[in-house]
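The values are calculated or read from the model by the stated rules, or taken from the named source; none is laboratory data. Keep in mind that this is a model prediction, so the values were computed, not measured. Counting neighbours? That spans all protein chains shown, and the Cβs are built from the backbone with ideal geometry, glycine included. These accessible areas exclude ligands, DNA and RNA; they are computed on the full protein's heavy atoms, side chains included. Shrake-Rupley method; radii C 1.70, N 1.55, O 1.52, S 1.80 Å.
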Amino acid sequence: MELRFPEAPLPDDAAMEAGRLLFAGETTFVKGVVAMDGLPPADRTEVCFAGRSNVGKSSLINALTGRKGLARASNTPGRTQEINFFTAGDFYVVDLPGYGFANAPVAVVEKWQRLLKQYLQGRQTLRRVFVLIDARHGAKAVDEEIMSLLDASAVTFQVVMTKVDKLRGDALADSLAKTRAALVKHPAAYPELILTSAEKGEGIPTLRAIIAGIS
């Protein structure tokens, strides 16, 4: 039986080089946005990164761009409530605040959720959302909530497993199986997983190549 949501294949040399070149130049912080009227002009292709707090999103973005301090993790999960825009070549790379707000006030959470829905539903240049899932845990209920929102917004999303260096063998296989079972229920899910380790650099060239291939 064909495996649903297999690992993304290794890109060919041309795709790898395109990905390398995309992030070899300067990556610049544009602005942090707290309301729709603050969004930068929709004049280029956008990809964005979403993930629950502590999934390793900042580390992944820093590894992707090769700049250690570009995306900064908040010391308190749920504290940073801005949509942060960066440029990489002719792309916007967008960093969404971490979801799963154990320590954030209810009013803050509701405001952020409204902004997120408006952004996802109203940004015509947004081509793909990369949903980050910690490989140590697999997809959780809070991850499925964001997936359902992306389904409703008709925005394609692709799951990126983070911290795959922290487990191997049967433990990793079990985590992938759990995640695949969750993804089957979501029509907006792109049918390949990307396995990464920001610490070890695993999967980073593949992710770069996939982004460079989006138009």
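A compact table of results
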quantity: Convex hull volume per residue in cubic angstrom - Cα atoms of region 146-215; calculated: 92 Å³
quantity: Length-normalised contact order of the chain in % [C-alpha pairs under 8 Å, at least 6 apart]; calculated: 29 percent
quantity: Additional length obtainable on full extension of the chain from residue 36 to residue 144, 0.36 nm per residue less Cα span; calculated: 36.4 nm
quantity: Protein accessible area in the chain, 1.4 Å probe - carbon and sulfur %; calculated: 50 percent
quantity: Between region 1-62 and region 162-215, the alpha-carbon center distance in angstrom; calculated: 13 Å
quantity: Cα pair distances in region 82-131, grouped into 5 Å bins until the bin that holds the longest one, percent each; calculated: 4, 16, 27, 25, 15, 8, 3, 1
quantity: When the convex hull of its Cα atoms is projected in every direction, mean area for region 9-67 (nm²); calculated: 5.8 nm²
quantity: Label-point separation in nm, residue 167 to residue 7, each point 7 Å along Cα→Cβ; calculated: 1.6 nm
quantity: Cα-based Rg and Dmax for region 84-186, where Dmax is the largest Cα-Cα distance (Å); calculated: 15.0, 42
quantity: Computed over region 107-215: relative contact order in percent, which uses C-alpha pairs under 8 Å that are six or more apart; calculated: 27 percent
quantity: From the coordinates shown, Rg and Dmax of the Cα atoms in Å corresponds to which of (1) 20.1, 64; (2) 17.3, 56; (3) 16.2, 48; calculated: (3)
